[in-house]
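The values are calculated or read from the model by the stated rules, or taken from the named source; none is laboratory data. On a predicted model such as this, the values are computed, not experimentally measured, just so you know. Because the Cβ atoms are built from the backbone with ideal geometry, glycine has one as well, and the counts that use them run over all protein chains shown. Remember, those area values only see protein heavy atoms, side chains included, never the ligands or the DNA or RNA. Shrake-Rupley method; radii C 1.70, N 1.55, O 1.52, S 1.80 Å.
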Amino acid sequence: MLAKQLDNKSYDKFRIFLEQQCGIVLGENKQYLVISRLSPLMERFDIKSLSELVLQTLNPAKRQLQAAVIDAMATNETLWFRDEYPFELLKNRILAEFKNQKTPLKIWSAASSSGQEPYSIAMVIYEFQKNNPGAFPGGVQIIGTDISNTMLEHCKHAHYDNLALSRGLSAERKRKFFETSDNGMLKLKDVIKNMVSFRQLNLLNSYSIMGRFDVVFCRNVLIYFSPELKSKIISQIHGTLNTDRYLFLGASESLSGISQDFNMLRCNPGIVYQKK
């Protein structure tokens, strides 16, 4: 029988490991989350207890196990057009500023999860171009990153079940941008899928390979990090943005006490940050 319990000593060691590896900060009473996320790995790696799994995870030689554990802990649910206002601002205000830009319009989705955010961005841009022929003569580049290779494979595959598509996606966009797949799921049409490229990135590491951007979506990510790491991440994002360009955060996130390098623009509805 598998022992799906986690003693306090093992939990505390795991909390330190997780923060060091990917910045995720677990509270003192989140054992239930660790148990639910890591229990499926016990059978996969033939480990009889959760405490033993954690102990082996702390071993630097167990790279495959470490990758699977980080994958499991970093996977978060998402939805299409989350909170709506960032995509409305993008469509109604920001894209118009760049529609005549001769260089590529570059947008980064910094925590793409299973793909809903970067593909939502792509749909907005596709619709904008349909309504504004000749927009973005320099082209458009959308890059989605995530720490989880499992999620990135899901993004690239771009197949979704009806439950996933019911979360934030209108019936009109579902009809327009998806088609039936052989496996009973719906697959994203190439016209949107091909607008986005994906790569693995740990937000605690260097962003030098990312280049420069006009818009960055880093939404519902900072809530998992300590104040010090939030400041580091925002500083690095600031370095990737061209002057006067834009940063979107989650609805419950702000730069108060984290960074003074952005101007906060109050829109109606919502907020966007502009690089100073």
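Cβ contacts < 6 Å: first residue under 13 Å from Ala67 (Cβ atoms), restricted to the stretch 147-169; second residue part of a helix (DSSP H, G or I), any location; separation 6+ or different chain. Result?
From the stretch 147-169, the pairs are Ile147/Cys22; Ile147/Ala74; Ser148/Asp71; Ser148/Ala74; Thr150/Asp71.
May I ask you to verify whether Ser39 is free of Cβ contacts under 8 Å to residues at least 40 places away in the same chain, assigned to a helix (DSSP H, G or I) and surrounded by 14 or more Cβ atoms within 10 Å (Cβ to Cβ)?
In short, yes.
Does the stretch 233-257 hold any residues that are of a type in the set (A, V, I, L, M, F, W, C) and at pLDDT 95 or above, and which are they?
Ile233, Ile234, Ile237, Leu241, Leu247, Phe248, Leu249, Leu255
Hey, can you tell me all the residues within the stretch 87-132 that are in contact with a helix residue (DSSP H, G or I) (Cβ under 8 Å, 6 or more places away or on another chain), under 29 Å from Glu153 (Cα atoms) and of a type in the set (D, E, K, R)?
Within the stretch 87-132, Lys91, Glu127 qualify.
Do you know which residues across the stretch 82-112 are part of a loop (DSSP other than H, G, I, E, B), open to solvent by less than 20 Å² (accessible area, probe 1.4 Å) and either free of Cβ contacts under 8 Å to residues at least 40 places away in the same chain or aliphatic (A, V, I, L, M) (or both)?
Ala110
Here is a check on your reading of the model: is Gly134 assigned to a loop (DSSP other than H, G, I, E, B), touching a Pro at 6+ places or on another chain (Cβ under 7 Å) and free of Cβ contacts under 8 Å to residues at least 60 places away in the same chain?
Taking the combined requirement at face value, the residue does not satisfy it.
Please state which of the following conditions Asp12 fails to meet, knowing it meets all the rest: (1) outside any helix (DSSP H, G or I); (2) modelled with pLDDT of 90 or more.
Result: Asp12 fails condition (1) only.
Taking the options Val124, Val140, name whichever one is at pLDDT 95 or above, open to solvent by 10 Å² or more (accessible area, probe 1.4 Å) and not polar (S, T, N, Q).
Unique residue meeting the criteria: Val140.
Just to be sure I understand, how many residues within the stretch 241-258 are farther than 17 Å from Pro86 by Cα and among the hydrophobic types (A, V, I, L, M, F, W, C)?
The number of residues fulfilling the criteria is 2.
Checking the conditions here, which among Leu165, Leu152 is over 17 Å from the mean Cα position of the chain (by Cα), within 25 Å of Asn220 (Cα to Cα) and at pLDDT below 95?
Answer to the selection: Leu165.
Considering only the stretch 187-215, state which residues are of a type in the set (A, V, I, L, M), under 15 Å from the mean Cα position of the chain (by Cα) and under 24 Å from Ser166 (Cα atoms).
Val196
Taking the stated definitions as given, is Ala67 assigned to a helix (DSSP H, G or I), open to solvent by 40 Å² or more (accessible area, probe 1.4 Å) and within 30 Å of Ser39 (Cα to Cα)?
Yes.
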